[in-house]
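The values are calculated or read from the model by the stated rules, or taken from the named source; none is laboratory data. Just so it is clear, the structure is predicted and the values come from calculations on it, not from any experiment. All Cβ positions, glycine included, derive from the backbone under ideal geometry; neighbour counts span all protein chains shown.
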Amino acid sequence: MKKWLDERLQFSTLIASMFEHPVPKPSSFMDYLGFATFFIFLSQAITGILLATAYIPSATDAWESIKNLEATPVGHFVRSIHSWGANFMIVLVLFHLLRVFYEAAYKKPRELTWLLGVILLIGTIGLSFTGYLLPWDQQGYWASTVGTAMAAYVPLIGEFVVRVMRNGSEVTGATLTRFYSVHMLLLTVLILIAFAPHFFFVLRQGMSATDELTAAKRRGENIETRSMPFWPNVAWRMMLTLLLVGIALWVAATLAPKGLGDPADPLNKNQYIPQPAWYFFGVYQLLKYFPPKLDPLAMVGLPAIAIIVLVGLPWFDRNPSRFPRQRPIALAVATLLVAGMAYLTYQGFRSVPKALVTTTVTQPSYKRDIDPIFQNKCVMCHGNSGNYHLDTYAGVTMKNVIPGNPNDSVLVKKITGVMQPQMPLGQKPLSSGQIQTIKNWIQDGAKNN
């Protein structure tokens, strides 16, 4: 049977490429960052499946389900492992990317390996971002609100992109359901699809550090003194690296367990200061140095340029050498960019992010755009206030709206402060984007669409 399978699938060649190739001396632990990242991904998959057995992805039950989960030591520890694992995975994949760049391992014939690695980086950030909202606490709710607001800066289609991300114009229970589906299904499948050929290419082409040994062997040179076998020497080092990463993850989860904040409050009665996830701090800090008219450049233009450069790097870099000493310009530019982003991220930790624009919907729908604003901002106080209630279309239009005339409508006067007290009472006023969206809806005839 073994011979029959080997004739058809060539297992022996695959095993040889995995275990029998030589590795140059000395071998660095930095060489194993890719395997460490995959190890953390497996940990995330296992803990994520365990969490999914207790989690309820709805705005009314998500926070309570996490609270019940954390009531048990095992549940709390599993959630902490999963939360810390997301941070570990982002850090490891970033360091792995930098290591590959330093070694110039993106050059021929490894262009596709690099390209798939960039996809894995984007998917990893997406996994962490979509998972942020799922506990439905204040931190997750407002971080997701701020994070999705970035899409409003996309020229021409910003409003549409925000709708797609939030499943509407506001962050609501529908957003939670969408994020859960994307987190559990779409992004997980994307990472698996990208990782399979990425890993296959690494096995077939070998690590870039082995290229010089391979060339020397073909020339008939003795490479035994300059190399060591992958098995067992390097394999045990790799296992030791994974063990150390696993211990660090468990120690972090034990000493600094993930907490659960207050339930998400769209009214923000406690004046929670919205902040993005830490891996967006650098971008948001950079935004402070741009005048408002250039905000789209900071929020959309620069990240888009960064992605284009990463994707096209194997073709942009014409220097044939892989040796760091022969690539001073590329390494100097990369060092400045990494140091600058690290500094901006550090500054972002110490300051409040710049307020972002709120998308204005030009042709709003009542059910899709207007009612979510009322549900988030008004219903808690006006849900049972006689004819002045705001929890139904009839309640809104009965006394508060004059179709086609927003400025004379009581609703607009209340939310703009023309008529006191300004609504929502005791809370921050609606954003300019939300107010303009409501005005646009009234101007359009206040349709029940």
* Asked: Which pairs have Cβ atoms under 6 Å, sit 6 or more apart or on different chains, and link a residue in segment 70-89 that is in the same structural domain as residue 55 (by TED's automatic domain parsing) to one that is assigned to a helix (DSSP H, G or I) and among the polar types (S, T, N, Q)?
  -> 78/47; 81/47; 82/47; 85/43; 85/44; 86/128; 89/124
* **Number of the condition not met by residue 255 [criteria: (1) free of Cβ contacts under 8 Å to residues at least 12 places away in the same chain; (2) touching a strand residue (DSSP E or B) at 6+ places or on another chain (Cβ under 9 Å)]** => (2)
* To do: Report yes if residue 315 is among the aromatic types (Phe, Trp, Tyr), in the same structural domain as residue 86 (by TED's automatic domain parsing), touching a residue at least 12 places away in the same chain (Cβ under 8 Å) and part of a helix (DSSP H, G or I), otherwise no.
  => no
* To do: Tell me, please, whether a residue that is of a type in the set (D, E, K, R), more than 20 Å from residue 187 (Cα to Cα), surrounded by 19 or more Cβ atoms within 10 Å (Cβ to Cβ) and more than 16 Å from the chain's Cα centre (by Cα) can be found in segment 79-90.
  => no
* Structure fact -> Note on segment 402-444: residues assigned to a loop (DSSP other than H, G, I, E, B), surrounded by 14 or more Cβ atoms within 10 Å (Cβ to Cβ) and touching a residue at least 40 places away in the same chain (Cβ under 8 Å) are 402, 403, 423, 424, 427, 430, 431, 444
* Asked: Which ones in segment 95-128 are among the hydroxyl-bearing types (Ser, Thr, Tyr) and either under 30 Å from residue 139 (Cα atoms) or assigned to a loop (DSSP other than H, G, I, E, B) (or both)?
  -> 106, 124, 128
* Just checking, how many residues over segment 72-113 are touching an Asp or Glu at 6+ places or on another chain (Cβ under 6 Å) and of a type in the set (Asp, Glu)? -> 0
